[in-house]
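Note sheet for the following structure.
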Amino acid sequence: MIQFASAAPTVEANGGNIFVRSGEGEAKRLTTSGRDSAPVLSPDGRWIVFVRALPGKKIGTGIGDIDAAELWQISASGKEPTLLAAPREAENMQNVIANFQDVQFSSDGRYVFFVTPAYATTGAVHVYDTTNRKERFLMAGGGLEVIRSGEYRGCLLVGQHRYFVGGGSYDWFWLFRPDGKEIGPVGEDATNFKELYYPDEKKLKRSENRHTLVAKRGMIDDPDGFTNLRAGKSADANVIAKVKAGVTFNFEVESGSQWCKVTLDSGQSGWMHASRIRLAFDEKDLPQEGDTGEEISAVARKSGFDYVPVARAAAQGDVNAMKQFFGLTGADGGAAEEHSTVVPIVFHLVGDERFAAFLRLQPNDYQLAVRETLTDFFVTPFEPITYLRRAFPKTAALLFRR
């Protein structure tokens, strides 16, 4: 029997509460306040930090009054809930904390960095030390990113609004050490810096490909045969329509949210939770000759096939074409990005029954490669393993055996 390593746990917010989901897809609720969001898992997987809203409370900042929030931490087991930082007002914007954005752990998990609204032109970056429970201001700025790999691993990439000596201003990215000491300027755009100094950038980009499918069509995935379309992003919001099985619709995703803006073909729109949506494709979504770039075509030719006709044949369930298409390796950069948009289309058109039957005939190493392909090439807001278990149960049973 093939043995698969367990996938890493993930965290999510649903209905204002925080959940941790095991590598097998089982969810455990950690909080019950109904006001929690933006969970972040520590590098060792033991702790989760999250934001808790404080309805009705405002904090004055340089851009006006801001809705207040708290920063909390809880263990992955659901124990030891701890308030890390509370909102506070101050005359000096360095000391103001309104709410919490871009929350991230340091590479070693000791520090928690965050941005809070502060100045009229930019936010403020703060750090909380989990070992001594002290918080302090680091610098003005926003767009915070903790660098995870390479020469500058652990350093901070921060966007800052600065001023010329002779008048005027500019917005550049700057590099800082975790203690707030400046290393130097990166530039107006950080893309070249990341490509030069992140040795794992290609792998990171490949992971990010799950966010590249822009035009999303969906249908409901609900054992009741229908799903409620609601007036707001809450299970308690008014029901404005019932969407039946087989009805397709457009949907959009808000960053960090599990609620999707659904627009029916009638033009009526509302909100639906992502757990009730399955991606929907048809043959018109498949690439046509001339649609694909030279990079992915060249990668396919090195593997001995023409990309477009094989992709289209695979979508029809042709076993030989499926083996070539889903076994494609060596794609990176632009080729990987293009392939990432086609994989979900072909996979969904094949369907769970046919794909599982195909997969049973393949050797272990091929199944492992397919598992990596399907979990890499996915789209927000769906967590790959959870989605596959829900929408493709027979395939998931083969790929994620315990």
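Brief remarks follow.
- Filtered by the rule that a residue be surrounded by fewer than 14 Cβ atoms within 10 Å (Cβ to Cβ), in a loop (DSSP other than H, G, I, E, B) and either of a type in the set (D, E, K, R) or on the phi > 0 side of the Ramachandran plot (or both), the range 218-250 gives Asp224, Gly225, Asp236, Gly246.
- Residues satisfying the stated conditions in the range 85-121, i.e. more than 17 Å from Ala69 (Cβ to Cβ) and either surrounded by 18 or more Cβ atoms within 10 Å (Cβ to Cβ) or among the basic types (Lys, Arg) (or both): Met93, Phe105, Ser106, Arg110, Tyr111
- Filter result (within 19 Å of Gln362 (Cβ to Cβ) and at pLDDT below 85) within the range 295-329: Thr329
- Among the residues of the range 156-190, those that are hydrophobic (A, V, I, L, M, F, W, C), closer than 20 Å to Val127 by Cβ and within 22 Å of the chain's Cα centre (by Cα) comprise Leu156, Leu157, Val158.
- Applying the criterion of being modelled with pLDDT of 90 or more and surrounded by 18 or more Cβ atoms within 10 Å (Cβ to Cβ) to the residues of the range 21-36, the residue that is nearest to Ile385 (Cα to Cα) is Leu30.
- Asp265 vs. criteria touching a strand residue (DSSP E or B) at 6+ places or on another chain (Cβ under 9 Å), within 12 Å of Gly218 (Cα to Cα) and touching a residue at least 24 places away in the same chain (Cβ under 8 Å): no
- Restricting attention to the range 63-91, the residues that are under 26 Å from the mean Cα position of the chain (by Cα) and of a type in the set (Asp, Glu) add up to 2.
- Extreme residue, farthest from the chain's Cα centre (by Cα), among residues of the range 251-263 that are at pLDDT 85 or above and surrounded by fewer than 16 Cβ atoms within 10 Å (Cβ to Cβ): Thr263
- Within the option set Phe137, Phe105, being aromatic (Phe, Trp, Tyr) and within 20 Å of the chain's Cα centre (by Cα) holds for one residue only, Phe105.
The values are calculated or read from the model by the stated rules, or taken from the named source; none is laboratory data. Keep in mind that what you see is a predicted model, and the values were worked out from it rather than measured. Methodologically, a virtual Cβ is constructed for each residue, glycine included, from the backbone with ideal geometry; neighbour enumeration extends over all protein chains shown.
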